[in-house]
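Presented below is the structure to which this report refers.
The values are calculated or read from the model by the stated rules, or taken from the named source; none is laboratory data. All figures in this text were calculated on a predicted structure; none of them were measured in a lab. Every residue, glycine among them, receives a Cβ derived from its backbone with ideal geometry; neighbour counts consider all protein chains shown. To get the accessible areas, we keep the full protein, side chains included, count just its heavy atoms, and leave off ligands, DNA and RNA. Shrake-Rupley method; radii C 1.70, N 1.55, O 1.52, S 1.80 Å.
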Amino acid sequence: MNQTVQKLDEETREGRYVYCVAEKSRTVKFGKIGIENNNVYTITHKDLCAVVHDCKSQAYISDDEEKVKNWIKMHQNVIDIASEKLGTVVPLTFDIIVKGSNEGVVDWLRNDYERLKRILGKIRNKQEFGIQIFWDEKKIGDEIAEKNQEIQNLKKSINEVSEGEAYFYKNTIETILKKEMEKKADEYFKKFYDVIKHYVNNIKIDKIKKERGKQMLMNLSCLVHENKVKNLGGELERINKLDGFSVKFTGPWPPYSFVSPG
C-alpha cells in the first residue's frame, strides 16, 4: 500500500520543463506555445531567466514515434521564439525537467549561475551551422590515376602479361589508388579546414555520414558569429564551384553542439 502511494506521489509531483536560458531579467508570458499546448513563461534569477512550462515531474516518454517527434518539434519551436524575443539563449536538450515549483528553477539558476554566464558569453551573437563537403570519388580517382606514373605503367603492361599477373597488377593498382586517395582526402580536408577556421569561433568535427550517391569528405558543426556568416558562405560557395566538389551549408541552429548546461 505504501509503495502504491509513493508511486502516485511521484507521478503527480510538480515540476518545470525547461527549454532554454537567456541573459535577461524579464518576466515574459509566451502563451500556449509549448509541448502539448502548455503555457510557456519565464522564471528569473538576477540577470538570467529560464523559459519553462509547468508539468509533472516525470519524463516525456511515449511508444508513439510521431508523438515524440512532435514534442521535439515543439521544443525547438519554443527555443526559436524565445531567441527572437530574448536574444542569445542556452538551448537545453529535449526533456529536461527540474523537480518542484518555480523556486526549484530559481535554485537551479542560482547554483549554475556562473557556468550559465560563461556559456552565454561564449555563444553570444553566435549560432550553429553545419558544413558538409562532398567529393566525386570517381572523378578525383581518375585524375590521380592519370597523373600517377606507376599506375599508368601497370595499366600498359596488363595486356602483355598472363592472366594471373594481370590480376596481380589490377590489385596493385587498386592498392596504390586507395593509398593516394586517402592522402588526397587528407590534403583536401586540411586545406578546407584551414579556410573555414578563419570564419568560425569554434569547430566540432563530426563523423562522416553516408549519403546516397555522394561521398562525404568532411562533416563539421561550427559556431559562427552573426557578422561572419556571409563571408563564410562566400568561401563555401567557392569550394562548391570547384570541379568534383559540392558543399551542404545548413543552419542557423541553436548552438547545441557547443553548450552543456544540463
Which of the residues spanning the range 89-118 are crowded, with 20+ Cβ neighbours inside 10 Å and under 17 Å from the mean Cα position of the chain (by Cα)?
VAL89, VAL90, PRO91, LEU92
Can you give me the number of residues within the range 228-244 that are in contact (Cβ under 8 Å) with a residue 60 or more places away in the chain and either open to solvent by 20 Å² or more (accessible area, probe 1.4 Å) or small (Gly, Ala, Ser) (or both)?
3
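Residue-by-condition table, conditions (1) among the β-branched types (Val, Ile, Thr); (2) under 16 Å from the mean Cα position of the chain (by Cα); (3) farther than 29 Å from GLU128 by Cβ; (4) modelled with pLDDT under 90:
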| site | (1), (2), (3), (4) |
| --- | --- |
| THR172 | yes, no, yes, yes |
| LEU177 | no, no, yes, yes |
| LYS191 | no, no, no, no |
| HIS198 | no, no, no, no |
| SER221 | no, yes, no, no |
Elements of type strands (runs of 3 or more DSSP E) contained in the range 67-165, each with 2 or more residues being within 30 Å of GLU182 (Cα to Cα)
126-135
Go over the candidates LYS126, LYS85 one by one and state the one that is closer than 16 Å to CYS20 by Cβ and surrounded by 16 or more Cβ atoms within 10 Å (Cβ to Cβ).
LYS126
For the list (1) modelled with pLDDT under 95; (2) farther than 30 Å from LYS155 by Cα; (3) surrounded by fewer than 11 Cβ atoms within 10 Å (Cβ to Cβ), I need the number of the one condition that GLU182 fails.
(2)
